[in-house]
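Comments concern the structure below.
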Amino acid sequence: MKIIFLFIQIIVVLFFQACATKEVEVEPTIVFPSFPEEPKIVYLATYRGGATEEKVNALDAFLGETKATKKVSNIVKPYGVGLLDGKVYAADTGTDVVFVMDEKSKDVKFIGDSASGKLAAPVGLAFDRDKNVFVTDSREKRVNVYDTNGTLKFVIGDRLDFANPTGIAIDKNLHRLYVVDTKSHQLKAYDIVTKKHLYTVGKRGVEDAEFNYPTNVAVDQRNGNVVVVDTQNFRVQIFDKEGKFITKFGNVGNKPGTFARPKGVGVDSEGNIYVADSAFNNVQIFSEYGKELLMFFGGGGLEPTQFRLITGIYIDEEDKIAIADGFSGRVQTFQYVSQKWKAKNPQKYNELKNTKTEAVPQSIIIEKK
């Protein structure tokens, strides 16, 4: 009789476990600028890492057997971000690992948490054409290179090469790595195949090709131009692929087109330049070479599309955008509605044109003179 009763209880536990469903958070549809303007930027999702654990099966739970659980922390203070093969990457300076978050399943894995290739202070993130993951370690003063499983493959640089490596970017056509060395006030270029240093640009100063604590860098994959955020000079400088100065834009201020604390930078498929300002907590979008301010979006707060200490930006080949929200411990993703994206998604584009957001997003389209 006891055996029959025990069997029934086990069946009941298994039944309820099978019926349990995972709650799915429905993301709001937010479009910049607001209807009826032409949509330019679309909010997609927010990622925080996630607290998960290894599950104990129903029978073991019923019999009182337990297994060691593996806790997964949330993101604390992300800086560098990236997008690769349906996964969102975040270099977390708070937990000293790189979070790898699956966009569909929301599963979380890590890079830089094992003894081999352990990270001390990850900051910048980039990917080469072979899908290797490059991470700057500002404490160990080097760039660690991993495969997508988190296995350390090789290292670029050491304490003799870098004072404080932070932002990085990769020219996938040239197979070239660019590293911002913040405390040296320099931009350094490396050949990824040979691991050789190619050239260095800059010293501390205010003239062209000089820097004052630069932080982030991006590559225009169309032409190889290198875009560097010269943070404490409150400007952005643009160089050609060989390090020759081309132009600059921006100055200190508190109105559109100026900067207070510029950090993250990205370039989309049309050559538009995105600059995140951690004082304004928004992203300003400039035309190619920074000739004119096109629009900005975002603002201070904790809601979707709002930021608190915005830092890194990454834009992939499909014009999907990842933005690190440093103080809020999250990464938000967006889609730039480029001509390429419209051609691939005509039905979705028509839906977006008629989207009416309940709360008016903080965004401005700059009127052309």
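Observations
- Using the Cβ of Arg142 as centre and a radius below 11 Å, the other residues enclosed give a net charge of -1, where K and R count +1 and D and E count -1.
- Within the shell defined by Cβ-Cβ distances under 15 Å, the residues around Pro122 carry a net charge of +1, with Lys and Arg each +1 and Asp and Glu each -1.
- Working ranking of peptides 148-156, 116-124 by packing, defined as the average number of other Cβ atoms within 10 Å per residue, highest first, is 116-124, 148-156.
- Solvent-accessible area, 1.4 Å probe, carbon plus sulfur percent, for the stretch 191-250: 49
- For Asp191, net neighbour charge (Lys/Arg +1, Asp/Glu -1) across residues whose Cβ lies under 11 Å away: +2
- The packing ranking of peptides 280-288, 338-346, highest mean first, is 280-288, 338-346, where packing means the average number of other beta carbon atoms within 10 angstrom of each residue.
- According to the Cα-based calculation, Rg over Rh for the stretch 306-358 is 1.07, with Rh computed by the Kirkwood formula.
- Within a straight-line Cα-Cα reach of under 15 Å, Lys203 can be paired with the following aspartates and glutamates, leaving aside sequence neighbours fewer than 8 residues apart in one chain: Asp161, Asp181, Asp230.
- The stretch 198-280: GluC sites (Glu not before Pro) in DSSP loop, at most 16 other beta carbons within 10 Å: Glu207, Glu242, Glu270
- Stokes-Einstein D in µm²/s, Kirkwood radius over Cα pairs - the stretch 58-214 at 37 °C with 0.692 mPa s viscosity: 196
- Put a dot 7 Å past the Cα of Lys340, heading toward its Cβ, do the same for Ala279, and the two dots end up 3.4 nm apart.
- What you get for the stretch 92-135, charging only the Cβ of Lys and Arg (+1) and of Asp and Glu (-1), is a dipole of about 80 debye around the Cα centre.
- Residues of type aspartates and glutamates that Lys291 reaches as a straight line, Cα spacing below 16 Å, ignoring anything fewer than 8 places off in the same chain: Asp220, Asp268, Glu270, Glu367
- Binned Cα-Cα distances of the stretch 155-287, short to long, each 10 Å bin given as a whole percent: 14, 47, 33, 7, 0
- For the stretch 120-162: span of alpha carbons on each principal axis (Å, largest first): 27, 16, 15
- Most to least packed among 350-356, 133-139, 297-303 [average Cβ atoms within 10 Å]: 133-139, 297-303, 350-356
- Per residue, the accessible area of the stretch 192-308 comes to 41 Å² when a 1.4 Å probe rolls over the protein heavy atoms.
- Computing Rg and the Kirkwood Rh from the Cα coordinates of the stretch 260-335 gives a ratio, Rg/Rh, of 0.95.
- Extended-chain gain in nm, criterion 0.36 nm per residue less alpha-carbon gap, Arg204 and Lys291: 28.8 nm
- Cα lying deepest toward the dipole's positive end in the stretch 260-316, options Tyr274, Leu302, Tyr289, charges on Cβ: Leu302
- Charge dipole (debye, nearest 20) of the stretch 118-266; +1 at Cβ of Lys and Arg, -1 at Cβ of Asp and Glu: 240
- Distance violations [Cα-Cα > 26 Å] among Lys77/Lys141; Lys106/Lys188; Lys87/Lys196: Lys106/Lys188; Lys87/Lys196
The values are calculated or read from the model by the stated rules, or taken from the named source; none is laboratory data. As the structure is a computational prediction, the values presented were derived from the model and not from experiment. When we count neighbours, we look across all protein chains shown, and the Cβ atoms used for this are built from the backbone with ideal geometry, even at glycine. What goes into the accessible areas is simple: the full protein's heavy atoms, side chains included, and nothing from ligands, DNA or RNA. Shrake-Rupley method; radii C 1.70, N 1.55, O 1.52, S 1.80 Å.
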